[in-house]
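The values are calculated or read from the model by the stated rules, or taken from the named source; none is laboratory data. Nothing here was measured: the structure is a model prediction, and the numbers come from that model. Protein only, heavy atoms only, side chains kept; ligands, DNA and RNA dropped before computing areas. Shrake-Rupley method; radii C 1.70, N 1.55, O 1.52, S 1.80 Å.
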Amino acid sequence: MNDLQSVFGEHLKSLRKSQGLTQDKLAELCGISVQYLGDVERGKANATINVLGKIGLALGVSVAELFDTAEFQLSTEDLRKLMSDYISKADNNTLRQLYGITRIISR
């Protein structure tokens, strides 16, 4: 797994399973569809900032903790390259989400 969206999705899946939650139950707690949650976990969809907040609340973790995974503990140089690659391919909506996430976790 090499793109950030997929890394995030795998980490989310791991957090969900570690709490003994099914996709159905987590989706219900967050007020989102199971399909959408599955797409996020598979790295096929981006979660909005609002959804990230709901997921964090349902899992009992902060939004920042949703991104706390060994895959994100790369060297600064590697992280900059991954982020640069990701940002260069991102559409406007994704860029806005990334900006919002950055503001939230930098507080």
For the chain, accessible area per residue (1.4 Å probe, heavy atoms of protein chains only), Å²: 62
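So, with a 1.4 angstrom probe, what is the percent of accessible area on the chain that is carbon and sulfur? Write out the running numbers ahead of the final one.
Working: 3370 of 6680 Å².
With neighbouring chains kept in place, the figure for the chain is 50 percent.
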Please provide three numbers in whole Å: the alpha-carbon extents of the chain along the principal axes, with the largest listed first. 37, 28, 27
Straight-line reach only, C-alpha to C-alpha below 26 angstrom: list the lysines that residue 89 could link to, leaving out same-chain residues fewer than 8 apart. 13, 44, 81
Relative contact order computed over the chain (Cα-Cα under 8 Å; 6+ residues apart), in percent: 30
